[in-house]
Amino acid sequence: MALPSKNPTATKSWKQLEEHYKAMQNVHMKDLFAQDSTRANKFTIKWDDFYVDYSKNRITEETMTYLLQLADEVKLKEAIKSQFSGEVINQTEGRAVLHTALRAPKNADFKVDGVNVMPEIYQVKQKIENFTNEVVNGSRKGFSGKPFTDVVNIGIGGSDLGPAMVVESLQYYKNHLTTHFVSNIDGDHVNEVIKKLNPETTLFVIVSKTFTTQETLSNANTIKDWFLKSADESAIAKHFVAVSTNIKNVKAFGIDENNIFPMWDWVGGRFSLWSAVGLTISLAVGYPNFEGLLLGAHKMDEHFKNEDFKTNIPVVLALISVWYNNFFNAESEAIIPYSQYLSQFATYLQQGIMESNGKSVDRNGNLIDYQTGTIIWGEPGTNSQHAFFQLIHQGTKLIPADFIGFVISLHGNQDHQDKLTSNFLAQTEALLNGKTEAEVKAEGASSELLPFKIFEGNKPTNTIFINKLSPESLGKLIAMYEHKIFVQGIIWNIFSYDQFGVELGKQLATKILQELNNTATNKHDSSTQNLLNYYKHLS
Ligand code: F6P
C-alpha cells in the first residue's frame, strides 16, 4: 500500500497554524513562563533515561493541539504502521524501509515480500559476533601469524559517517584495536592513514552497499596495491572483508566468499549502521556493546510506534521543527551536544536529515511550494559557545537548537561535569530570557553601549538530558532522530528514502574524468570548460 499523500498546506490544521502564527510571532517565551508556573512540567517528556524538556519553545498548548491535528490529518499513524510492516514506502526505489528490523528481537516478524527477514538478520548478526570475537581475542591472525592491531573502515556517506560517529561517541568503551576511517577520494586521506599502518596487523573493512561507489573502490584499490607490496594475493583473504549487497562485485575485487557480510536493499545507506555496516563499531567496542546500541534503538522504536503522539519524543520534536521551518521560516537547526564524545554527531545527522528530506517534489510528483528539509549544523558545547553562539544569541536569524547533555560523567570528574552542566543549562536559559535594557543598565553599562548589550532572548531550544552516554542511550538518541526524519517526511509529503539529487554530480564527474584521461570530449558551459583547461594545463 502506498503512503498516504496529502498536501500539508491544504489541511485544516495548517490553516489554523497560519492564523495562530500571527498571534504567536511576537509572543515572548519569558511571558509564557511567567503566566504558567506549570509550563516546564507540561512540556517535558520523561521516558526511560531520557528527560526531554521542550518548554523553551515558542509554543502554547494551542500550538501543540494544531500540530498534533496536523499529524493526524496527514495520517502519520497509518504511515508509521506502513513503515514497520515492511510496505514499499520507498516508492521511488521500489523498496521497503526496515532498518528497524535490524534492531528487533529474534522473535519479531518483519516481512519483505511476504518473507520474514529476521532469520537472515540473525544469521548475519551471528557472523558479526563470531568475527568480532576472533579479531578482538586475537585468534584470527594476519598473514604473518600476528593478531590484528588496527582496523580500517573504507566507505563513504552512510558507509562511513554512522560507524565513524558511533566509534567516536563510544570511545570510552573501546578495546585495544585502533580504528581508522578512509572516505574521501582525496588521495591525501588514504595516504595519511596508510602512513600509520603495518600491513601484517591491519584488517580492512570495505563497506559499500552498492560496491560501485567511486571513492570507496578507489581507496580500496589503493590500499590493496599498497598491501600487496608486503604480501602475496593469498593474504587478501585474511586481511580484507566487505559489507555489501553486491556480492558479484565484491568477489570480483578478490574478497573471499567467507569474508562477505551481506546487507539488504531495504536498508538505506544513511540508516545502515545497525546492519553489518556497523562491523567496525562491533570490532571497536566489542559485540556486546554493539548489541547494546541495537537494543537502545529498538526501545526507541517501540516508544515511537506505541506512544501517544502527545508524549512521543520523535513526533513532538518533529512537529516543533515543522512549526519553525514552515511558519517562522527558520532555515536551519543547530544540534549542540554537551559531550566531546559526540563531536561527529551533527555531521552524521547532516546526511540523515538533509539527504532524506532535501526534496522539492511531493509524493504525487508535483513541485512543492512550501519549505521542506532544514539545514543542520552544530558542534559540541562548550567549544561552540566560543565559536558561533554569538550569532544564535544576537544575530538576525532564528535558529532553533537541540541541546543534548548527559547527567553522569563517564570519567567521573565531577568538577568538570558540574562546569559543563552549568554551561549546558545556562545557555538555554540565556537564549530564553535574553537581557533587558533594565538589566543591562543595572550592570552599569554606559548609554552608548546599551543597545549592543541588550539580548532579545526568545530563542527556542529543546533540552535532551540523558542519564549517561552508553551504547544503549546512544542507540536511543540516533533512533530518535531517525524517526523525527520520518515524521517530517510524512508531513511534508515527500519521499525521504531516495537521494537522486546526489547522482547528477557523480555522472558529470565521470564524464570530466574521461576528458582528463583524454578518452572523450564533452560540451560544457564556458566556466567549467575554462577551469578544466586550467587544470589540464597545470597538472
Ligand atoms: O551519496 C549517495 C550515497 O548513495 C549515500 O546515500 C550512501 O550512503 C553513499 O552514497 C555510499 O554508498 P555505498 O554504500 O553504496 O558505497
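Any read-out appearing in this document is the output of simple, stated calculations on the displayed coordinates, not a laboratory observation. Remember, it's a predicted structure, so these values are computed and weren't measured experimentally. Ideal geometry is used to build each Cβ from the backbone, glycine not excepted, and the neighbour counts take in all protein chains shown.
Tabulated results
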read-out	value
Backbone HN-Hα couplings from phi across region 367-376 [Karplus 6.51/-1.76/1.60, Hz, Gly and Pro as x]	5, 8, 10, 9, 6, 10, x, 7, 8, 10
Which listed pairs, of K111/K305; K174/K299; K42/K397, have C-alpha distances above 19 Å, in listed order	K174/K299; K42/K397
Helix-derived mean residue ellipticity, 222 nm - over the chain, DSSP H n ≥ 4, -39500 (n - 2.57), to 500	-13000 deg cm²/dmol
Protection proxy ranking, peptides 301-313, 500-512, average beta carbon neighbours within 10 Å, highest first	301-313, 500-512
Ranked list, fewest to most other Cβ atoms within 10 Å of each Cβ, for V88, V267, V207, V135	V88, V135, V267, V207
Exposure proxy order (Cβ contacts within 10 Å, fewest to most) of R95, R270, R58	R95, R58, R270
Ranked Y348, Y172, Y287, criterion: other C-beta atoms within 10 Å, fewest first	Y172, Y287, Y348
Ordering of 332-341, 402-411 by burial proxy (mean other Cβ atoms within 10 Å per residue, highest first)	332-341, 402-411
Point-to-point label distance, L398-N175, nm (Cα→Cβ direction, 7 Å offset)	5.0 nm
Estimated vicinal HN-Hα couplings, Hz - region 29-37 in sequence order (Karplus 6.51, -1.76, 1.60; Gly, Pro = x)	4, 4, 5, 5, 5, 5, 7, 9, 6
Long-range HN-HN contacts of V112 with modeled amide H, under 5 Å	V117
Distant-in-sequence amide H partners of D49 (H built 1.01 Å from N, under 5 Å)	none
Counting DSSP beta bridges with both ends in the chain, the antiparallel % (nearest 5)	30 percent
Positive-end extreme of charge dipole, the chain - chosen from I236, Y370, L293 (charges on Cβ)	I236
Per-peptide average of other Cβ atoms within 10 Å, ordering 518-527, 154-163 highest first	154-163, 518-527
Lys/Arg +1, Asp/Glu -1 at C-beta; the chain dipole; positive extreme among I59, N90, P262	P262
Above-threshold pairs, the threshold being 23 Å between Cα atoms, out of K46/K310; K22/K359; K75/K359; K106/K310	K22/K359; K106/K310
Per-pair calculated FRET efficiency, R0 = 56 Å: Y535 and N41 via Cβ, rounded to 0.05	0.35
